[in-house]
Each structure stands twice: as structure tokens, then as C-alpha cells.
Amino acid sequence: MIKKAMIMAAGAGTRLNPLTLKVPKPMVPVTNVPILEFILKHLQKYGINDVVANTHYLAESIQNVYGGENHLGMNFQYVYEPELTGTAGGVKKTEFFFKPGETFIVVSGDALTDVDIEKLYEQHKNSGAMATMALKEIPISEVAHFGVVVVDKDSRVIGFQEKPSPEEAKSNLVNAGIYIFETDVFNYIPANKFYDFAKNVFPAMMANNDPLYAAVIDDYWNDIGTIKQYKHSSFDVINKQVKLEIPYQETENGWIAESANISPSAVFKGQSVIGEGSVVEEHVKLSENNVIGNNCIIKAGARIENSIIWDNVIIGENVSLDNCIIASNVKINPGISVEEDTVIGHDRVISCPEDYLQNSIKI
């Protein structure tokens, strides 16, 4: 099996703003766990404990938590890119980490997935590929948001389309940002140059008739590239659509950290995740799916439905949230009904409706 992995973790995640204004995309929490940690734990299940990543945007947030021998017992190294060099260029900078002739996996740092890595590896080896791309089948109506891959009857890659319209799409198979590579792939990537897999490396491989194959995965996969995809993935974890573990004890009301303090009069109608040190006061109503971060205070009489709240947030008395996302270090003063489908950025104090309208976006 594969022993080493590379994670592409350099992107800024601008489509997730305002959430990513102070947090890099791989560190965005899904059910209070950074996406990157879910990826690392999943790799670890398959015996992969040596990982390297390229970093760029807010790189210290990643390096400070996972660099070196981390709390997961993994060896996590990183390469800082002062300037981005593309998907392939970023992987090229980690070439030192792999021995010649070694098979390794590359994973996008914003992919929430429970992909069967062993099965992917076996398909790669059986085909004799230099590179194998993991593909996911999606509805044809959604192809305009993704890079589409065209394959022949033997699963060999024969073409690409970047975000085609449904009418122009030659396939409904999209690139999942998960690759199995032989180290020969580095021969296709020049050093210190902006280079992309789909635009540069893979077309060159096809022109040289080098074996580039695809493997369609049946496992869960979601590219957390937009606010809607982020919210959808968070609730997929709660609803057990993906085989990832929430780090708290499961109860009849959801997953609640041992140090959380929940009033007996709080009403749960659905499943919630409540983090370490958080307090839910009297007569709070939590409906449908909700995530409450660490060290939050949900004051008496608040009503929260289908919402995600990050760390260190104070929700005042009788506040109403419906399908909202609240970033870290926000305080919402009593009695405010936040408009449905609102995202409020970090470090805000919301004293009246005008405050959140000025410091938020719509999902």
C-alpha cells in the first residue's frame, strides 16, 4: 500500500469568504473539526502517516497545528510557497519527500471524502498507470461548476473540459482532486514554474501516450469550494452520509462534548453538534441540524435552526437564527432575528439588524 501522501493546501478559498478571511480553507471546521484533520485521519486509517503539504495563504495556521510530529502521531511536513505555482507546480515542490519509484497519493485540501484508498491503489496498479485520477459522477445539470473528464471504455483519460455547459459537456464525470502517482510524473513538471495538472501535465502525458487512467469512485466526496457546499457537507456528516467520526459522544440529541453545559430545559428537535466548553441556557430551541463550536454561549430563549456557529460566539437572549453561518468571535445582542441564509464574518458585534446587514453575505 501507499505510505506517503501530499495534500494541496495552498489555496485562499475566496469563494468561502467571509469565512476564510481569517482561516485558510483546509482549516475551515466541519462539525468542529478542520477539513485538513478529517483528511489526515482518513489517510491514517490506511497506514499513511508521512504527509507533506504545500502552504501559502495563512500558512502559519496550518503549520502551527500540524507541523512536525503532530497530535495525531503523524509526520507532517510542509513547503511554503511565497507565490502560488498551480496544482502541479505545488506538488513539484514536494518532490524531495518521495523516493524514486515510490507510489504516492495527492489529495486536495478542501475535499471532504471517505474514498477507499486501497481500492483506488489496486485499480492504479492493475492498469499500469503512471497517474490515476479519482472521478465522481454528478448530475449533468451541475457540470458547469467543475472540471469534466472524458474517458474511453477502458477508463483511459482522453480529454478534459473546464466547467462546460450541460449542453456542451461530453461527460458527467468530474475531477475529485485525488490522484495516485508514480514518481515518474515529476518528469512532466518543470521546477519553479506555474503549472497545472489538467491544463499542462495530463495533456502532455496523453500526447506522449503515457498511461493516464481514471477510477470512478462510489464513495462520498464533496469539494467544499462554496458556502452552500460547506453547509451541505457539514450536515452530511451529521446525517452519517459520510464515514467520518465526529469527536464527541453521540447522544439522542446529537454529538455533545463532555465539557459542554446543556440546560435541562433546552429543546432539541433534530441532531446537533455542540463543542467543548459551550453553554446552552434555559429554553433554547435547537431544530433540524446545527453545529455549535467550542466555548460558545447560547443565551436563554434563543432559537437556532439549520445553522453553523463557530468558536467563541455569544448568541443573546431570544435571538433567532435560521439557516445561518456565524464565524468565530461574534456577539449577537438580545432579541435580534437574523435574516434567513445569512453568513456573518469573524469578530463582529451585532447590536441591531443594520449591523448584520453591513457585515454579512447571503448564502
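Here are the numbers:
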read-out	value
Region 267-278 - residue that is within 24 Å of residue 228 (Cβ to Cβ) and β-branched (Val, Ile, Thr) and, of those, surrounded by the fewest Cβ atoms within 10 Å (Cβ to Cβ)	273
Enumeration of residues in region 128-148 that are of a type outside the set (Ser, Thr, Tyr) and closer than 15 Å to residue 211 by Cα	128, 129, 130, 131, 133, 134
Qualifying residue in region 170-186 (condition: touching a residue at least 24 places away in the same chain (Cβ under 8 Å), in a loop (DSSP other than H, G, I, E, B), buried (at least 20 other Cβ atoms within 10 Å of the Cβ) and of a type outside the set (Ser, Thr, Tyr))	no
Matching strands (runs of 3 or more DSSP E) fully within region 209-261 where at least 1 residues are free of Cβ contacts under 8 Å to residues at least 24 places away in the same chain and closer than 26 Å to residue 298 by Cβ	249-251, 254-256
Any strands (runs of 3 or more DSSP E) falling wholly within region 291-363 and containing at least 1 residues that are surrounded by fewer than 16 Cβ atoms within 10 Å (Cβ to Cβ) and among the charged types (D, E, K, R)	360-362
Selection within region 3-26 - crowded, with 20+ Cβ neighbours inside 10 Å, in a loop (DSSP other than H, G, I, E, B) and either on the phi < 0 side of the Ramachandran plot or not assigned by TED's automatic domain parsing to the domain that holds residue 61 (or both)	10, 11, 23, 24
Any hit, region 22-40, residues being within 18 Å of residue 114 (Cβ to Cβ) and basic (Lys, Arg)	no
Test: residue in region 279-300 that is over 30 Å from residue 153 (Cα atoms) and touching a Leu at 6+ places or on another chain (Cβ under 7 Å)	no
Residues of region 133-173 satisfying the condition of being under 22 Å from the mean Cα position of the chain (by Cα) and among the aliphatic types (A, V, I, L, M)	133, 134, 135, 138, 143, 144, 148, 149, 173
Hits in region 15-48 - residues which are in contact with a Phe, Trp or Tyr (Cβ under 9 Å, 6 or more places away or on another chain) and among the polar types (S, T, N, Q)	20, 31, 32
Residue within region 276-283 that is closer than 28 Å to residue 25 by Cβ, among the charged types (D, E, K, R) and in the same structural domain as residue 23 (by TED's automatic domain parsing) present	no
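A quick yes/no check of all residues on (1) more than 17 Å from residue 231 (Cα to Cα); (2) free of Cβ contacts under 8 Å to residues at least 24 places away in the same chain; (3) touching a helix residue (DSSP H, G or I) at 6+ places or on another chain (Cβ under 8 Å):
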{"residue": "264", "(1), (2), (3)": "yes, yes, no"}
{"residue": "280", "(1), (2), (3)": "yes, yes, no"}
{"residue": "297", "(1), (2), (3)": "yes, yes, no"}
{"residue": "307", "(1), (2), (3)": "no, yes, no"}
{"residue": "313", "(1), (2), (3)": "yes, yes, no"}
{"residue": "321", "(1), (2), (3)": "no, yes, no"}
{"residue": "340", "(1), (2), (3)": "no, yes, no"}
{"residue": "343", "(1), (2), (3)": "no, no, yes"}
{"residue": "352", "(1), (2), (3)": "yes, yes, no"}
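The values are calculated or read from the model by the stated rules, or taken from the named source; none is laboratory data. The structure displayed is predicted, hence computed values, not measured ones. Neighbour counts are summed over all protein chains in view; Cβ atoms, including those assigned to glycine, are modelled from backbone coordinates with ideal geometry.
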